Every structure is written in C-alpha cells, then in structure tokens.
Amino acid sequence: MTTADFRLEHDFLGEREIPNRAYYGIQTLRALENFAITGIPLSSEPLFVRALAFVKKAAALANHELGVLPVDIAQAIAAACDRVAAGEFNDQFPTDMIQGGAGTSVNMNANEVIANVALEIMGHQKGEYQFCHPNNHVNCSQSTNDAYPTAFRIALSLKLVSYSKGLGELAEAFAAKGNEFRDVLKMGRTQLQDAVPMSMGDELNAFANNLREELSRIEDSRRLISEINMGATAIGTGVNAPNGYAELVTRHLSAIAGLELLLAGDLFEATYDTGAYVQLSGVLKRTAVKLSKICNDLRLLSSGPRCGFNEINLPAQQPGSSIMPGKVNPVIPEVVNQTAYYVIGADLTVTMAAEAGQLQLNVMEPVISFALFTSISYMSNACRTLREKCVVGITANRQHAAELVYGSVGIVTQLNPLLGYEASADIAKEALKTGKSVHDIAVTERGLLTQKKWDEIFTFENLIRPDFIQ
C-alpha cells in the first residue's frame, strides 16, 4: 500500500494511519487494538447499529432546531444516519461487543462512521473533520452515557418484537397439537410415578399456555426499557446541551424509531440505573426455564421407543449414534435445553454487571448488552427451531398411551369416592403385588362395584373431565 491508501487522524493520545477505505476513525482503531475479547463485532447486532443511527439523527435534528448545528451539517448528518440505519455501512462497525469505557468505543465508532459518510455527502474527503466532526457535530449535546444506553434500549425493544413473535408462534404450535390430540387418553404423572388419567391435548395445551404467559412479561419489560435518559449527557446535569434539548430529542427519536419513548423524570437516576435490564434478563431466564422444562417432558414422553414412555414420536432429524444402528435421539429438545442453560447463565452476568455500577454511572453496560442481545437471539433461534423441527411434526401413539392408562394402578384413584381411600389403597397394593388389573380385583374378584358402574366411571370423558360419581 502507498500513503494514498491511508489518511492520518489524531486524538489527544497521538496520530495514527487509518485505511482510506474505512469510514471509522482513530478511536475505533484503538478499540480494535485494545478489545479483542469475543471476536463478535458490533456489526453482528444490526439493530444496535440502526438504533445508534436513530439517536444521532434525532440529536442532529434537535440541535439544528435549537440553533446549535448549522443546517448543512445537520442535514448531512441526518442523511448519513439514514444510510447507516439502512445497513449500508454495517461492515464499518468492527468494535468488539465487550469493551471497557462504558460503551465509549461503540459511541465513537458510530460518530466516526456517520461523520465520514456525512463528509462525503457534503463533497469532502473522509477525515476532513473541520467540516463535520465526530465529537463536535455528530456527538453534539451527547455523551456516551446517554447516547449508548438510549440506543441499547431502542435496539432491545426492536429485537424483542421478533422474539415475541417467535415465542407466540411456538405457543400456537403447541396449541394446535393440543387440539389435534384432544381425544388421546394418557396417564398423567407426578414425581415420575403414575398419577391419574388425562388428555394428551390438555398436556400440550398446558405447554402452550405456559409460554403464552411470557408474552405479557415481555411487554412489561419493553415498557420499562422505553424510558430513556437522552439529554442527561455525562451524569444527568445536561452539561453541554441547550435548554429544551432533552424533551425535543426524545420527541424526534420516538418518531424516527417508531416507538413510544419516554424521557426519564430523574436523569441522574436514569443514567446509572440498570434495573430494567435486570428485569428483562429475568424474564428471559424465566422463559428459558419453562422452555427447558417442556423439552425435558418431550424427551421423556418420546423415550424408548420400546423401553420408555413412547407416548409420542418426535420427528427424526439425524442418526443418533455412531455405534448403535437405528438409534434416533431427541436432538431438538436437547439443543433447546442447552440454549436455556446459556440464557440462565447470562442472567447471572447481567445481575453481577448491574450490581457493579458505581456512583453516577454503570460502566458495565457493554457486557449487559452482549448478554441480553445474545440471549434474545438464542431464544429466538431456539423457539423457531423447536417449532419447525419438532413440535409441528409430533405424532401420538394413541393405542399405546391408552393401554398404559388401563393397565396402570393409578386409575384406582377414580374409585375413592365410591369405595373410600382404604379399600382403594388395598386394591392398589394387591395389583402391584400380583400384576392383576385394578378392574379384575375390584369388579371380578371382590365384587366391590358392578361392570355397569365401572363403565360409567371409566369413560373417556369422565377420565379427563371427572364427575363426582358415588
């Protein structure tokens, strides 16, 4: 390369050569050198890049209206932000997702890219910052401490929309199977022991409703993260921002992002508080726990096929063993289990990082953002994978499930109102000891009830929706 392939940029630490093809500048270069941590760049979260562009555009518009930015610079910044938000420059955001500095590297990455795009729009060369400066113009009336968390919250809110959709679709897939299996009789179990009969449809519908509950919790979290601290600048005093800026930039940002954003009532508190992230992380963990439990159940219910429950069949996705011919494993529930474990662990990361805040700022927001972004992405992928590759293809072994019911000792519970607990327990004891059926002992051998009464008690409808029969 020749000197023409580079431009010289400086900050107060010195000068560095920047590749002319790069729209980022010297502070992004320093971040690349300092923070080789995850290997996952900011560009891997395009919604975060888009949200940063939204913040910078709203700031430029508000600053122009308040007489802080000249019209030509404000318009060029706004146009550059539109192009960045559209994803045109995603590859120019190489900063590692985890970095020191409370997100300063991310904020400056955005400032530098937007400034250089704006410079080209204005007819200048990259790096000619006297015409549009990353700090003086793009970062005008802002600091990392309000721009970064505001963009983070917007990106989270947008990301949660698609996650909610995927979770809702998974719940509806379970509900569809619940409807399909509503007439399948099976044995319910508690503590892995036979309990009382139920419909397989009720079991699958319970999965659906268990997940549907989480949709409202996600919306609660979205409302919490809609409160922003734009205009707080460094710690909440609004230093370097003109009067009226906080309210005006919030209005612009709401319109640009298409979200109902609220300016925090106490900008000092809002600048250091990370409680909304803790709540959202807790919601993700709660859903992960539920989803993992459901996958545990799917693995149990499909276990076998000859020596397990074998009440349902999961779609076969791949050979299950390098040594056991014909073995097929429940790999989709297994991978969702493992995803859930990651999300549960990430919740602890968020908790520790939130607790680590000191005085007027929490510098640990980058790892919070990394944990939440990855958790939402992984949960979205898990929901889609479980729905597409498992739930929609589940089939029921109807006859086998019913045979397990009528061969079970658990059905003796239905006789409690008629025979009493002691007599029913004695029937169960003999059935377990001898291998005889509850029917043969109660009706044929002991004559404790007639066949007619037995038939009345043990209809499908009465087994899954029991009436009190005496």
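Which ³J(HN,Hα) values in Hz, rounded to whole numbers, follow from the phi angles of region 345-361 under the Karplus curve 6.51 cos²θ - 1.76 cosθ + 1.60, where θ = phi - 60° and Gly and Pro get x?
x, 5, 4, 5, 4, 4, 4, 5, 5, 5, 5, 7, x, 10, 6, 8, 8
Heavy atoms only, probe 1.4 angstrom, no DNA, RNA or ligands counted: give me Leu262, Leu361 ranked by accessible area, highest first. Mind showing how you got there, number by number?
On the way: Leu262 105, Leu361 40 Å².
Highest to lowest solvent-accessible surface, that is Leu262, Leu361.
Could you list which residues have their amide H under 5 Å from that of Gly188, counting only those 5 or more apart in sequence or on another chain, with H placed in the peptide plane?
Those lying under 5 Å, H to H, from Gly188 are Ala195, Val196, Met198.
Would you mind telling me the share, in percent, of accessible area of the chain contributed by carbon and sulfur at probe 1.4 angstrom?
Numbers: 11410 of 21270 Å².
Of all accessible area on the chain, carbon and sulfur atoms account for 54 percent.
To the nearest 20 debye, what charge dipole does region 75-228 have about its Cα centre, counting +1 at the Cβ of each Lys and Arg and -1 at the Cβ of each Asp and Glu?
180
Restricting to Cα pairs below 8 Å that are 6+ residues apart, what does the relative contact order work out to for the chain? Please round to a whole percent. Don't jump to the answer; show the numbers that get you there.
Working: 769 pairs, mean separation 70.0, N = 470.
Normalised by residue count, the contact order of the chain is 15 percent.
Would you mind calculating the gained length between Asp467 and Val71 on full extension (0.36 nm times residue separation, minus the Cα-Cα distance), in nm to one decimal?
134.9 nm
Among Leu291, Asn310, Thr237, whose Cα projects farthest towards the positive end of the dipole of region 223-312, with charges put on the beta-carbon of Lys, Arg (+1) and Asp, Glu (-1)?
Towards the positive end, the residue furthest out is Asn310.
Taking 25 Å as R0, compute the FRET efficiency from the Cβ-Cβ separation of Glu213 and Tyr421 and round it to 0.05.
After rounding to 0.05, the efficiency reads 0.10.
Computed FRET efficiency, Cβ-Cβ of Ser162 and Arg286, R0 22 Å: what is it to the nearest 0.05?
Rounded to the nearest 0.05, the efficiency is 0.70.
Provide the net charge surrounding Gly238, with neighbours chosen by a C-beta distance below 15 Å and charges set as Lys +1, Arg +1, Asp -1, Glu -1.
-4
For region 174-247, what is the charge dipole size about the Cα centre, in debye to the nearest 20, if Lys and Arg each add +1 at the Cβ and Asp and Glu each add -1 at the Cβ?
For this selection, approximately 100 debye.
So what does log10 I(q)/I(0) come out to for the chain at q = 0.06, 0.10, 0.11, 0.13 Å⁻¹, using the Debye formula with one equal point on every Cα and no solvent?
Here log10 of I(q) over I(0) equals -0.41, -0.80, -0.89, -1.09.
With each label point set 7 Å from Cα along the Cα-Cβ vector, what nm distance links Arg223 and Met324?
Spacing of the two 7 Å Cα→Cβ label points: 4.9 nm.
Hey, what do the phi angles of region 72-83 turn into as Karplus ³J(HN,Hα) couplings, whole Hz, using 6.51/-1.76/1.60 and θ = phi - 60°, x for Gly and Pro?
Values, residue by residue: 5, 5, 4, 5, 5, 4, 4, 5, 4, 4, 4, 5 Hz.
How far apart, in nm, are two points set 7 Å out from the Cα along the Cα-to-Cβ line at Asn381 and at Glu180?
Distance between label points: 2.6 nm.
Spelling out what I want: for every residue of region 138-151, take phi, set θ = phi - 60°, compute 6.51 cos²θ - 1.76 cosθ + 1.60 (Karplus), and round to whole Hz; glycine and proline get x.
So the J values, rounded to whole Hz, are 5, 9, 4, 6, 9, 9, 4, 6, 10, 5, 5, x, 5, 5.
Considering only Ala425, Ala401, Trp454, whose Cα is most displaced toward the positive end of the charge dipole of region 387-470, charges sitting on Cβ of Lys, Arg (+1) and Asp, Glu (-1)?
Ala401
Using only protein heavy atoms and a 1.4 Å probe, report how much of Ser44 is accessible, in Å² to the nearest 10.
Looks like 50 Å² after rounding.
For the chain, what does the accessible surface come to per residue with a 1.4 Å probe? Please give it in Å².
45
So for the pair Thr395, Glu445, with labels modelled 7 Å out along Cα→Cβ, what separation do we get in nm?
3.8
Could you give the distance between the Cα centres of region 47-106 and region 356-389, to the whole Å?
Their Cα centres are 22 Å away from one another.
Evaluate the charge dipole of the chain about its Cα centre and quote only its size in Debye, nearest 20, assuming +1 on the Cβ of each Lys and Arg and -1 on the Cβ of each Asp and Glu. All intermediate terms of the calculation are to be shown ahead of the outcome.
Values: 39 positive and 51 negative charges, 250 e Å.
Using only the charged Cβ atoms, the result is roughly 1200 debye.
Which FRET efficiency, nearest 0.05, do Asn310 and Gln125 yield, Cβ-Cβ r, R0 51 Å?
For R0 = 51 Å, the calculated efficiency reads 0.10.
Give the distance, in whole Å, between the Cα centre of region 144-163 and the Cα centre of region 191-211.
Result: 38 Å between the Cα centres.
What residues have an amide H closer than 5 Å to that of Arg7, excluding those fewer than 5 places away on the same chain, when H is modeled at 1.01 Å from N in the peptide plane?
Result for Arg7 returns Ile18, Asn20.
Given axes a ≥ b ≥ c from the Cα gyration tensor, I'd like to know whether region 89-145 is rounded (a/c under 1.5), prolate (a/b larger than b/c) or oblate.
Cα axes put region 89-145 in the oblate bin.
Could you work out the relative contact order of region 78-148, using alpha carbon pairs under 8 angstrom and six or more residues apart, expressed as a whole percent?
32
For Ile40, list long-range residues whose amide hydrogen, built 1.01 Å from N in the peptide plane, is under 5 Å from its own amide hydrogen.
Amide H to amide H, under 5 Å and 5 or more residues apart or across chains, Ile40 pairs with Met97.
Considering the options Asn209, Val184, Tyr163, tell which one lies farthest towards the positive end of the dipole of region 143-212, charges being +1 on Lys and Arg and -1 on Asp and Glu at the Cβ, about the Cα centre.
Positive-most Cα among the choices belongs to Tyr163.
Which of Lys159/Lys293; Lys56/Lys159; Lys165/Lys389 have a Cα-Cα distance over 22 Å?
In this structure, Lys159/Lys293 lie more than 22 Å apart at Cα.
The values are calculated or read from the model by the stated rules, or taken from the named source; none is laboratory data. Keep in mind that what you see is a predicted model, and the values were worked out from it rather than measured. Virtual Cβ from ideal backbone geometry, glycine too; neighbours counted across all protein chains shown. Areas reflect the complete protein model, heavy atoms only, side chains present, ligands, DNA and RNA absent. Shrake-Rupley method; radii C 1.70, N 1.55, O 1.52, S 1.80 Å.
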